[in-house]
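What follows is one structure encoded as C-alpha cells, with my remarks underneath.
The values are calculated or read from the model by the stated rules, or taken from the named source; none is laboratory data. Not measured: the values here are computed from a predicted model. Cβ atoms come from the backbone with ideal geometry, glycine included; neighbour counts cover every protein chain shown. Surface areas here come from the heavy atoms of the whole protein model, side chains and all, with no ligands, DNA or RNA. Shrake-Rupley method; radii C 1.70, N 1.55, O 1.52, S 1.80 Å.
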There are 2 protein chains.
Amino acid sequence: MEPDRPRYVIDRPAYNLPDFDREFDKKSRQFLVGEKVKKLFRCSVPRLRGLLSRHLPVLSWLPKYKAKDNLLCDVISGVSAGTIQVPQGMAFALLANLPPVNGLYSSFFPLIPYFFMGTAHQMVPGTFAVLSIMVGIVCVRLAPETDFGHFNDTLNATVVDTARMNDVRMGISGTLACLTAIIQIGLGFMQFGFVAIYLSESFIRGFMTAAGLQILISVLKYIFGIKVPPYSGPLAVVYTLVDIIRGLPDTNIASLVFALVSGVILIVVKELSARYHHRLPFPIPMEIIIVVVATAISGPLNLPKIYNMDIVGEIPLGFPAPILPSVSQWEVMLSTAFSLAVVGYVINLAMGRTLAAKHGYDVDPNQEMLALGCSNFLGSFFMIHVICCALSVTLAVDSAGGTSQFASLCVMLVVMVTMLALGAYLKPLPKSVLGALIAVNLKNTLLQLSDPYFLWKKSKLDCSVWVVSFLATFFLSLPYGVAIGVGFSILVVIFKTQFRNGSTMVQIMETNIYKNPKVYSKGISTTGVKIVNYCSPLYFANAEIFRQRVIKKTGLDPGKLILARRKFLEKEQREKVKEEKKDKETRRRKPSSLVIMKAQTISQLELQNDFDMNDGSANKPEPPTSYVNFYYGDTGLGEQVPGQEPPSPPAVKLEFQPVPFHTLILDLAGVCFIDLMGIKVLIKMNLSYTKLGIRLYLANVQAQVYEELEAGGAFEDGNISRSNLFPSVHDAILFAQHTSGERPASLNVEGERQELAFNINEKDLEQEMF
Amino acid sequence: MEPDRPRYVIDRPAYNLPDFDREFDKKSRQFLVGEKVKKLFRCSVPRLRGLLSRHLPVLSWLPKYKAKDNLLCDVISGVSAGTIQVPQGMAFALLANLPPVNGLYSSFFPLIPYFFMGTAHQMVPGTFAVLSIMVGIVCVRLAPETDFGHFNDTLNATVVDTARMNDVRMGISGTLACLTAIIQIGLGFMQFGFVAIYLSESFIRGFMTAAGLQILISVLKYIFGIKVPPYSGPLAVVYTLVDIIRGLPDTNIASLVFALVSGVILIVVKELSARYHHRLPFPIPMEIIIVVVATAISGPLNLPKIYNMDIVGEIPLGFPAPILPSVSQWEVMLSTAFSLAVVGYVINLAMGRTLAAKHGYDVDPNQEMLALGCSNFLGSFFMIHVICCALSVTLAVDSAGGTSQFASLCVMLVVMVTMLALGAYLKPLPKSVLGALIAVNLKNTLLQLSDPYFLWKKSKLDCSVWVVSFLATFFLSLPYGVAIGVGFSILVVIFKTQFRNGSTMVQIMETNIYKNPKVYSKGISTTGVKIVNYCSPLYFANAEIFRQRVIKKTGLDPGKLILARRKFLEKEQREKVKEEKKDKETRRRKPSSLVIMKAQTISQLELQNDFDMNDGSANKPEPPTSYVNFYYGDTGLGEQVPGQEPPSPPAVKLEFQPVPFHTLILDLAGVCFIDLMGIKVLIKMNLSYTKLGIRLYLANVQAQVYEELEAGGAFEDGNISRSNLFPSVHDAILFAQHTSGERPASLNVEGERQELAFNINEKDLEQEMF
C-alpha cells in the first residue's frame, strides 16, 4: 500500500448508545415553544424599525445610494430597457386578448410599489408572456366575442362591438389581477414564500416550454393575419392549431412580410449583440427601432387600408380612470389566480436570486411575494394584467450596468411618455410586427424542447416530471398544468422513498466498513448476525414495504414462524396429553422426573405453506428456504388450563441452518425521519424477533430520528430497549459477538409468555386494523 | 471502564472512495431494463397457470380445503354472521338514502365474485357505513325529493312519489357502483395497489372519526322520528344538526322508545359477550334477535299506524332485474367514485392484512383491488351501493372460527333466504330500530375522538394530519375530506424534509464518532476542518435550504466572499495602474522586477455589506463575522486587456482568523436520495469553495445516492472529484489533516481562471435562472 496514506487507528471500548451518552455527557436540549411565541409577538422600537426597513427596503438602500457613481448608469440602462418594455408590453397585451394600451398600463403602475418594496435591485417588474396568455384565456372565457356581436343590417353581417368588448375584458383583467394580488399578499404575510420550492426545476422548465409553444401558436394568427375563433379549456391549443392550418390559404401577405422582415432583423441583431456584448455600453433597443420603422412605413403609405392588415389601432392617451374589481367574478377565477400568483412569484424569485447571486446581495422571499402582490394590487385598479418580472427588460438593465431601482424608475418614465404622448403615433403599427417580436423572444424557451433528452440520461424521474408537466400544460391548459405538474413532482418524491432497496451488508475484510456483498466481493459475513440497511425515511408510505424488505433480505418471516411454532407446540402438546393419558397406567409407578427428548426437523417453508394457501403464483418471489430445527424438550408437564400460566414452560430452542442468525442489525443511517407508523413497525418487529430469541439492534440512528423515536414512545416499557441502539454498525457487531454465547433460555420463556398475551389480545382485532 | 465491554480496535489505512473501491473490488452492477421487459411479456404455460391461480385464488385453496376439519366451523360462523349482515345491510341502506332492500342486494351479489377472487379467507364483503353515507350524499344530490313531488289536490299538499324516487336512486347507486368498480379494476390491473399507502393511519383515523360523527348525526332523524330535509355539499352536516335540534319538539316518542330499548339491550349484550367471548362458541346474533322481536311487537300491535312511526315498509321479494348503468351521470360522480374506490379498498386491505397477520397468510394488494372491483362491478347491475368489507360481519366470522370463503357463502345463503322469503315479514319494523343498530356500532369509531390527545404527545405533525382530515371531512364532506387529508399528509412529508436542521459535528474525544457539540460536551474540534451533517433527502424542495444551512453553520458565504475578493482585486489593480502611470517616469531606469508587497485586513462583514444594501433588518440573522486577510502580492504586471489572461496571476492568500478552515466535510449519511436540483447545488458549492481554496469532502454517501450522483453528472470534468468522497467522516478527517499542509498556490490560480470564466458566462443569465 502507498506509504503516503494516513492510517485509521482506533482503540476504544465499544459503546451502545446509553453507555456512550453517559460517558460523554449528553446534554438534554429543551426547545421552549412559549419563549419562541413570546419573542414572536414582542413589541419594541428596534423591532418596529426592523419591520419597517424589512417591508420597505427603499429605506435601507436609498440613503446609501451613491448617486455620483451609479446614477448615470441607472438612467442609461433604465431608458434603454424602457424602449424594450414599450413594444413588449403592447405585444404581450395581444397575448392577453387585450388592447395594446393595457400593456403600457401593466408596465407602468406596478413599478411604483416595487420601487419601494422590492429587494432585488436590478429587477424591473412587468409583463411576462406566460402570465399574459393565462390572463388571455380567462378574458376569452368570461367575455367571448359572441357576447358583443350584433347584427348589422347595412352590412348584412354580425359586427363585434370591439370597444365595449375591450372595456369589459380590461375590467376582467383588473379583477383577476386584484384577486392574484390578494393571494400573493396573503401568502407573503403568512410567510408562505416557501411554496415556491414545491415547483421543482424540472416542472418549471416543462411548464415554461409548453407555455412557450402555446404562445407561439397563439401569435401565429397575428403573423399570418388570419382570423381564428378563440378557444378555451382543454385541447384549446389543438383546435387553434387546426384552425390556423386551415386558414393558411387566407394568409395576409403584407402582415406576413412585415412579420418576417422584422423577425429576421431582430434575430440577426440579437445574435450580433450577443457576440459583441462586451463591446457595447448598453444593449441596442432593437425592438423600439423595429416598431418605429414599421410604423413609419405602414402609416404614411396607408398599407393597412390597402392590404387590410390588422393594426394596433387608436391608443387612448393619458392615465386611465381607476376602477373597482367586480368581486362576483372571483369565484370562477380562483384556480387561475392561484396559478398566476404562484407561477409569477416563482419566476420573480428565480430572477431575483440569479441577480442576487451575481451581485452578492440577498433577496427576501417573503418580502418579494409582498412586493409583487402590492404591485399587482395597485395595478389592478388601473386594469393591468397580472405581472411578474419582465425578463428581457431586467436582463437589459442588468447588462447595461443598472444597480438600483432608479433604473426601473426610468423604465416607468419611458412608458409614461409613450402613454401620454407618443402612443398616438403608433396607431398604424401592424399587429404582425408585435407577433414577430413575441415569437423571436421565445427562442430560449423553445430550445428547452431538448431537455428531456438530457434529463433522461441524468435522472429518469426528473425526466418524467418534465414530460408530465409539459403534456399537461400543453394539452390541458396552463392552470391544469400547474396543478398536475406540482402534484406529480411531489408524488415522485414519495415514489422515491418507496422504491428504495434495502440491502444486506457485510464487513469488508478487516475494516470497520460495511457494504453490500453484491457490490464488494471481499466481504466477510459475521456468523449469526444479519445486517440490513435501508436508505429512506420510514413513514406511512413505506413502513410496510420496509418490513417486507427486511423479511426478504433476512429470509425469515418472524410472524409466520411464530405461528408455525405455536401450531407445532399445540400439536405436540395434544399428542403429549394423549400419550400421557395412555401411559398413565403404565407409568404410575415410575418417577415423574423422566425427561422425554425429541428432535424434529421441520422445513420453515413447509410450515409457512401450511398457512399460505395462495402459493404457486408465478409473480410472487419464491419464499426463502430456511430450515428450522425444533428441539422439543418436554419435562412432562400436566394438562394446561387455557389462560393459566404453565408452571414451567417447555424449553424450546431454535436453530436455523442455512441462514442462522441470533442478531439482526438495522443500519438506520439513511433513515432521515420517521413517523408514528414507522415507529409502530419497528416496535412490532422488535416484539416478534424478541419472541424468536433474535435481538434487534439499531445502528447509526440519526440524532433527530432518535428524538422522534423517543417522543413516539419507541423506548417505553416492553418496546425497544435503549441499550440495543449503537453509534455504529461495528459497535453493534462487537456487542453481538460478545453476547452471542449467553443467549438465555429465559428469552424463550419471555417469548412464550408474550405469545399468550398475543392470544389474549385477539379481541382487539377491530382496533388492530389500522 | 467495565472490563466486560468489547473493545473497538481498528488499524487500517484511511480510504477515500476510489481507493476503497479499487482495493476491495467494487463490481459494477448492471440492471438490464430490456431483460426485465422481456420477462414481463414472456408467455409460457407455467406463467399462464400462475396468472390464473393468482387472479382466481379459489383454484389454490379449494383443492386443499379440509372439509372434515373446517366445514362445520365455516357453516356455523357463516350463518351466525349472516344474521348480523341482514339487519346491518338494511340499516346501512337507510344511510345511503335507499330502500332497505338495497342493503340486501348489496350483501348478496358482491359476495359471488369475491368467493372466487378474494385472497383474505375470513373476509366477508358487504356494506360499510362510511361508504353508504357517501353514496347517500350522491343519491340525494342527483335525485332530490323535490324532483318527485306533485301537488295532490285532495290532500292539499305536495306528495312525494317515494316508489319512483327509490327506483331512480337505486339506478344512481348502481351507476355509481359501476364507476367505482371500473376505477378499482383499472387500478388493480395497473398494479396500483400501492395507492393505498398514501392514506396514512392518522388520516384514516381522522377521516373515519369524522365520518362516524356524520353517520351518527344522520341516523338521529330515524331515532327521533323527525323529518329533516336532506342537504348536500359543504357544511351539510351542520345544517342537518341544526334542523334536528329544531325538530326535537316533534320527536316521535314511540320511535325513540324502540330505539332506546333496542340500543340499550344491544350495548349490554355486546359488553357481556365481549367479556365472556372465549366461553361462547360463536357470537350471539343479537342484531337479528332485536329486529325479530321489534317486528313482532310492532306488527301485531299495529304500532306504526297508531303512533305514526316510520317503518321499513314493503320489501319486494325475489331477485331484482339487472339494469344498465347510465353512463351520462358518471361525470358528476367522478370525484365521489374515486374517493369510494380508494377508501373502500384501503378499509378492505387493512382488514385483510390484520386477518392475514393473525392467521399467517398473505394478501395480495393488487388482487384484493381486482376482487373488490369485480364484486362491485357484478353488483352494480343489481343496483347495489358500493361495498367493501363488512366489518362486524367479518369479525363475527373470524371469532366464530371461520377459515375460508365458505363462511361468506353461508352469509350469502342467509341473505338470500331473507330476500326471497323472510323479507315480507319485516315490513312493520320501525326504522328507528335500524338507526339504533347503526348508532351502537359506532362506539369504537367515536372513541377515536380522543386520538388527538395521544397523538399530540407522540408527534405534533401526525396530530395535525388527524385534525385536518377530521375537520375537512366533517365540515366539508367526505370526498373533500379524502382529497384534503391525503394532500395534507403528503405535504407533511415534504415539510419534514424542509425543517431538518443541519448541524455541525465534532469528534468525541479519541473515538471515531462525530456528534453535535451542542449535545455532547466532550467534543474536540479539528483545526481547519468543518463538519456539517444534514439529515434529509436533498431535492428540489430543500436544495436551497441546504445551501443556506451550510453557510450558516460554517459562518462563510463563499459566493459573497468571491465577489468581495474580486471587487478588492479590481480596486487594487485600478490603483496599481494609476500608481504605475504616475511612477512610470521616475521608475523608468529601475529594474522592473521590484516586488511591492501589501497587506490589508478587510472584514468580511464590511465586504458583504457593500453588496447588501438590505441589511439592518431585525428579522434577519446577523451575518457571521469572520475576518479575512488579503495578502496582495503584486509582481508588477502591466495593463491587462480584458479577456486576455494575465501572464502571471497575482498570488492571493486567504487566511480566516476566528473561523479558520481549509476543508469542509459534508456528512451525507442521512441524505437518502438526491435529485438533479440537489446535485446542482452540490456542484455549485464545490465550485465556489474550490475557488476559495477550500476542499469540499463528502462522507458517508449512501450507495444509491452515489449512483444518482454519478448518473446526474456530479463526477464529470470540473465537478466533484471522486477522490473527495470518503466511506466515513473519520477517513475524511484523516485525509484532511494529512493534506492540510500542502494546499497549493495553484488552487488559487485555478480559482482566478474560473473567476474569469464566470465573467464570460454572464450572458447566460437567462438560462441560469432555473
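Counting pairs of alpha carbon atoms under 8 Å apart in space and at least six apart in sequence, what relative contact order in percent does the range A:48-112 give?
On the way: 29 pairs, mean separation 12.0, N = 65.
Once normalised by length, the contact order is 19 percent.
Mind listing the label-point distances from A:GLY487 to the same position on all other copies, shortest first, one decimal in nm, points 7 Å along Cα→Cβ?
0.9
Could you tell me what fraction of 2.2 N^0.38 Å the Cα radius of gyration of the range B:121-256 comes to, as a two-decimal ratio? Can you show the working numbers first?
Working: Rg = 18.6 Å, N = 136, 2.2 N^0.38 = 14.2 Å.
Here the answer is 1.31, to two decimals.
Before anything else, pin down the relative contact order of the range B:70-211: Cα pairs under 8 Å, at least 6 apart, normalised by residue count, whole percent.
Details: 103 pairs, mean separation 24.8, N = 142.
Relative contact order, the range B:70-211: 17 percent.
Arrange the residues A:THR690, B:THR497 by how much accessible surface each exposes, largest first, with a 1.4 angstrom probe. Show your work: numbers first, answer last.
On the way: A:THR690 35, B:THR497 5 Å².
Listed by decreasing accessible area, they come as A:THR690, B:THR497.
Rounded, prolate or oblate: which fits the range A:269-324 when a ≥ b ≥ c are the square roots of the eigenvalues of the alpha-carbon gyration tensor, with rounded for a/c under 1.5 and prolate only if a/b beats b/c?
Values: a/c = 3.49, a/b = 1.43, b/c = 2.44.
Note, shape of the range A:269-324 comes out oblate.
Over all alpha-carbon pairs in the range B:159-219, figure out the percentage whose distance exceeds 20 Å.
Summing the P(r) tail past 20 Å for the range B:159-219 gives 60 percent.
How big is the range A:284-353 on each of its three principal axes, counting only the C-alpha atoms and giving the largest first in Å?
47, 36, 25
7 Å along Cα→Cβ for the label point: how many nanometres lie between A:PRO249 and each equivalent label in the other copies, listed shortest first?
Copy-to-copy label distances for A:PRO249: 7.8 nm.
What Kirkwood hydrodynamic radius do you get for the range B:91-163 when you take the inverse of the mean 1/r over all pairs of distinct Cα atoms, in Å? It would help to have the intermediate numbers written out before the result.
Working: mean 1/r = 0.0690 Å⁻¹.
Taking every pair of different Cα atoms in the range B:91-163, averaging 1/r and inverting gives 14.5 Å.
Over the whole of B:537-547, what's the average partner chain Cβ count within 10 Å per residue? Rounded to a whole number, please.
Mean number of neighbouring Cβ atoms from other chains: 5.
Thinking of the range A:83-128 as a set of Cα atoms, what percent of all their pairs are more than 17 Å apart? Show your work: numbers first, answer last.
Details: 338 of 1035 pairs.
The answer is 33 percent, as a whole percent.
Between A:ALA483 and A:ILE306, what is 0.36 nm times their sequence separation minus the Cα-Cα distance? Round to one decimal in nm.
Here the answer is 59.0 nm.
Over the Cα atoms of the range A:241-344, what radius of gyration and what Dmax do you get, in Å?
Expressed in Å, the Cα Rg and Dmax of the range A:241-344 come to 20.3, 54.
At each listed q (0.31 Å⁻¹), what is the log10 of I(q)/I(0) that the Debye formula gives for the range A:342-397 modelled as equal alpha-carbon point scatterers?
Log10 of I(q)/I(0), two decimals: -1.27.
Using just the alpha carbons, could you tell me how many Å³ per residue the convex hull of the range A:205-262 encloses? Don't skip to the answer; put the middle values down first.
Numbers: hull volume 4.5 nm³, N = 58.
Convex hull of Cα atoms, per residue: 77 Å³.
Mind checking the mean number of beta-carbon atoms from other chains within 10 Å of the Cβ atoms in A:665-672? Before the final figure, lay out each step's value.
Numbers: counts 0, 0, 1, 2, 9, 13, 4, 13.
That average works out to 5.
What does the C-alpha gyration tensor say about the overall shape of the range A:375-430? Classify as rounded when a/c is under 1.5, otherwise prolate if a/b is larger than b/c, or oblate.
Oblate, because a/c is 1.5 or more while a/b does not exceed b/c.
In terms of Cα to Cα distance under 20 Å, which lysines are near enough to A:LYS522, apart from those fewer than 8 places away along the same chain?
A:LYS530, A:LYS553, B:LYS26, B:LYS27
Chains B and A: what accessible area do they bury, summed, in square angstrom to the nearest 100, with a 1.4 Å probe? All intermediate terms of the calculation are to be shown ahead of the outcome.
Values: alone 40700 and 40650 Å², together 67810 Å².
Looking at B and A, the buried total is near 13600 Å².
Tell me the per residue accessible area of the range B:199-270 using a 1.4 Å probe; a whole number in Å² is fine. Write out the running numbers ahead of the final one.
Details: 3090 Å² over 72 residues.
For the range B:199-270, the per-residue accessible area is 43 Å².
Using the Karplus curve 6.51 cos²θ - 1.76 cosθ + 1.60 with θ = phi - 60°, what ³J(HN,Hα) values do you get for each residue of the range B:53-60, in whole Hz, with x for Gly and Pro?
Once rounded to whole Hz, the list reads 6, 6, 7, 10, x, 4, 5, 7.
Can you give the Rg to Rh ratio for the range B:477-562, taking only C-alpha atoms and Rh from Kirkwood?
Numbers: Rg = 18.4 Å, Rh = 15.5 Å.
Rg divided by Rh gives 1.18.
How would you classify the range B:28-178 from its alpha-carbon gyration tensor, with a ≥ b ≥ c the square roots of the eigenvalues: rounded for a/c under 1.5, else prolate if a/b is greater than b/c, otherwise oblate? Before the final figure, lay out the partial values.
Numbers: a/c = 3.89, a/b = 1.81, b/c = 2.15.
Because a/c hits 1.5 or more and a/b fails to exceed b/c, the range B:28-178 counts as oblate.
Run the simple label-point estimate for B:LEU446 and A:ARG722 please: 7 Å along Cα→C-beta, distance reported in nm.
That separation, rounded to one decimal, is 4.2 nm.
For peptide B:137-147, what's the mean number of Cβ atoms from other chains within 10 Å of each residue's Cβ? Intermediate results must be reported in sequence, preceding the final value.
Values: counts 0, 0, 0, 0, 0, 0, 0, 0, 0, 0, 0.
Mean partner-chain Cβ count within 10 Å for B:137-147: 0.
Mind jotting down the distance between the C-alpha centroids of the range B:420-441 and the range B:315-333, whole Å?
About 23 Å separates the Cα centre of the range B:315-333 from the one of the range B:420-441.
After finding the eigenvalues of the alpha carbon gyration tensor for the range A:289-425, what semi-axes result from the square roots of 5 times each, listed largest first in whole Å? Could the numbers behind the result be given before it?
Numbers: eigenvalues 203, 110, 42 Å².
Semi-axes (√(5λ), whole Å): 32, 23, 14.
Arrange the residues A:THR473, A:THR162 by how much accessible surface each exposes, largest first, with a 1.4 angstrom probe.
A:THR162, A:THR473
Near the amide H of B:ILE513, under 5 Å away, which other amide H atoms are found, from residues 5 or more places off or on another chain, if H is placed in the peptide plane?
The answer is B:ILE508.
Kindly give the distances from A:LEU420 to its copy-mates, label point to label point, with each label point 7 Å from Cα along Cα→Cβ, as nm values to one decimal ordered shortest first.
A:LEU420 label point versus its equivalents elsewhere: 9.4 nm.
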